[in-house]
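The values are calculated or read from the model by the stated rules, or taken from the named source; none is laboratory data. As the structure is a computational prediction, the values presented were derived from the model and not from experiment. Here the Cβ positions follow ideal geometry from the backbone for every residue, glycine too, while neighbour counts run over all protein chains shown.
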Number of protein chains: 2
Amino acid sequence: MREVFHQSLDEVQSRLVEISELVADAIDKATQAFAGSDVTLADEVITNDRRIDELAVELDELAIEILARQQPVARDLRTVVTALRVSASLERMGDMAEHIAQLARYRFPERAIPKGLKTTFTKMGELDVDIARKLTDLLRTQDLRLADVIRNDDDLVDELHATVFEKVLSENWKGEAGATVDATLASRYHERFADHAVSVAKKVVYLATGDWAADTDAIVTQP
Amino acid sequence: MREVFHQSLDEVQSRLVEISELVADAIDKATQAFAGSDVTLADEVITNDRRIDELAVELDELAIEILARQQPVARDLRTVVTALRVSASLERMGDMAEHIAQLARYRFPERAIPKGLKTTFTKMGELDVDIARKLTDLLRTQDLRLADVIRNDDDLVDELHATVFEKVLSENWKGEAGATVDATLASRYHERFADHAVSVAKKVVYLATGDWAADTDAIVTQP
């Protein structure tokens with residue numbers, strides 16, 4: 001029984017890593033599609049998001065089955081409850097990647113990135129991909145130093161997000177309303193993607209260090 | 001022991017209702033602040049959001065304590081896990097109300113609602129408030145018919161959300177970039193607020209009808 005249980009907990013962890021890998025691929029392709037107006041790549045991201053959603057549902061089912069059948073306590077219980085919360089955040093990260101892909105798709109054959117913001121969005125996209133890859137490593141290795149790196153990268157994304165609004169609201173901005181809408185939404189999706197990653201990283205840290213009840217998205221989204 | 005347990009489950013439910021009431025008050029005040037450029041009301045919403053966040057954390061702690069100490073099974077287990085998920089959605093709804101209040105605050109003393117969109121945003125705001133009140137009733141009474149009403153109202157919010165983009169992207173739109181940004185973000189926050197409510201309503205329905213594993217935000221956010 002004990003052995004079966006630990007197999008289940010290992011299974012929970014490996015499924016989280018699997019979902020996180022798919023999310024990293026999704027944001028990689030979504031940001032490429034967005035930068036290069038690649039509608040095929042955008043469609044791929046949109047289609048693949050269903051798989052992420054399914055895997056998140058299946059992981060939740062597994063977690064609840066473990067709660068019901070094995071009634072874990074202490075750290076094992078925390079692991080299972082954390083998995084439920086992490087899967088919800090990973091699923092939302094997949095949605096953000098999908099939204100970015102949809103922006104590329106809607107504007108096709110025109111470019112989705114408004115003029116004057118190409119460098120900014122390229123950097124934001126690279127940071128998001130980097131964050132997603134580090135998050136996968138964090139989930140796989142539990143190397144908590146990665147959580148700090150992710151948080152620093154998120155600060156950079158927040159700075160770029162602020163830059164987008166500065167540019168759009170400056171007198172030099174010549175974009176039409178459509179470009180302004182795209183810039184606003186795209187910037188928000190890039191920023192939210194990184195926020196969710198920080199939220200996951202915090203959950204992993206709190207699980208490891210024990211001070212886990214204090215972590216919620218509530219805290220993360222507070223200034 | 002049995003009696004203590006049922007007291008705890010009742011406590012979980014009454015705390016969800018309490019948080020939902022605060023969220024309904026928050027969106028009511030936020031939409032008023034947004035429509036009337038009322039910075040005092042906006043500040044109140046922003047300050048009160050901390051309380052919603054705290055209550056959500058406390059509810060999560062209670063739910064996890066119940067899992068650890070009482071090891072519920074079957075429907076009781078589903079109730080506790082659903083509470084964890086619902087509290088996360090309610091907390092996000094509070095965040096959306098806060099974001100709307102922040103838009104009112106940033107633009108003060110100017111109006112946050114861009115010209116030509118007052119009627120649309122007033123309707124969206126009224127629908128969001130209505131949805132939040134109905135959600136509180138649903139959580140209190142478990143009257144599942146309310147879930148259908150909430151879903152219908154959400155469809156109306158989605159239509160208004162589409163209207164905002166139609167107007168902003170039409171040739172008649174005279175708003176400057178700042179107005180376009182505000183309209184885009186405000187519309188998105190109003191729409192997400194209603195989405196989260198539908199997500200909660202679905203969880204309550206699935207809990208009552210038993211087909212609960214199929215529900216996740218993943219499904220809700222799929223087209």
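Remarks
- Flag if B:Asp76 is of a type in the set (Asp, Glu), closer than 30 Å to B:Ala177 by Cβ and either under 16 Å from the mean Cα position of the chain (by Cα) or within 11 Å of chain A (Cβ to nearest Cβ) (or both): no
- Residues in region A:159-182 that are more than 9 Å from chain B (Cβ to nearest Cβ), in contact with a helix residue (DSSP H, G or I) (Cβ under 6 Å, 6 or more places away or on another chain) and surrounded by fewer than 17 Cβ atoms within 10 Å (Cβ to Cβ): 1 in all.
- Residue match in region B:117-128 (condition: under 28 Å from B:Phe5 (Cα atoms) and either in a loop (DSSP other than H, G, I, E, B) or not charged (D, E, K, R) (or both)): no
- Residue within region B:102-114 that is within 11 Å of chain A (Cβ to nearest Cβ), at pLDDT 95 or above and part of a helix (DSSP H, G or I) present: yes
- Boolean, A:Ser37 is over 22 Å from A:Arg133 (Cα atoms) and of a type in the set (Gly, Ala, Ser): yes
- Scanning region B:79-90 for residues that are at the interface with chain A (Cβ under 7 Å from one of its Cβ atoms) and small (Gly, Ala, Ser) returns a single hit, B:Ala88.
- Residue ID - nearest to the other protein chains (Cβ to nearest Cβ), chosen from residues in region B:44-71 that are buried (at least 17 other Cβ atoms within 10 Å of the Cβ) and charged (D, E, K, R): B:Asp53
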